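Asker: Handing you a structure now.
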Amino acid sequence: MAALSEWIALFLMGYVVIALFYVAAGTKTALTLASTDGELQSARNALGQNYRARFLWLKRYRAQLPNEVQVIAGRAVAVEISCWAAMVVLFLIYGLQFVAL
């Protein structure tokens, strides 16, 4: 059982790392596409900020983005939420492993 939980934890850690790179690339792509539109000049300012600020900008203004950018933004937000869920499961696995073993 311990070996199985270790493999699951390793898979979850790999998923979180890959997913966060995907979210970072998705937010940059969405902000780049949104900044070409004349209406959303704040997207250009958000591009120069850190990862979390870019993601929060994308999450906040997701409804105002063009349709093709909304799809990218929706996927980035969904993957970010799944990363948090994976981290919760990962901590639960390690907590149970610490208590049970």
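Every read-out reported here was derived from the displayed coordinates using simple, explicitly stated rules and does not represent laboratory data. Fair warning: this is a prediction, and the values are worked out from it, not measured in the lab. Glycine also receives a Cβ, built like all others from the backbone with ideal geometry; neighbour counts cover every protein chain displayed.
Asker: Could you tell me the relative contact order of the chain? Use alpha-carbon pairs under 8 Å, at least six residues apart, and round to a whole percent. Let's see the in-between values first.
Answerer: Working: 75 pairs, mean separation 38.9, N = 101.
That works out to 39 percent.
Asker: Could you give the nm distance between label points at residue 85 and residue 98, where each point is 7 Å from its Cα heading toward the beta carbon?
Answerer: Each label point is offset 7 Å from its Cα along the Cβ direction, giving 2.5 nm.
Asker: Taking neighbour Cβ counts within 10 Å as the exposure measure, how do 72, 93 sort from fewest upward?
Answerer: Ascending Cβ contact count within 10 Å gives the list 93, 72.
Asker: From the list (i) 11.3; (ii) 6.5; (iii) 6.8, can you say which value of mean projected area of the Cα convex hull in nm² was derived from the structure given?
Answerer: (iii)
Asker: Pull out the extension gain between residue 64 and residue 6, defined as 0.36 nm times the separation in residues minus the alpha carbon to alpha carbon distance; nm, one decimal.
Answerer: 16.6 nm
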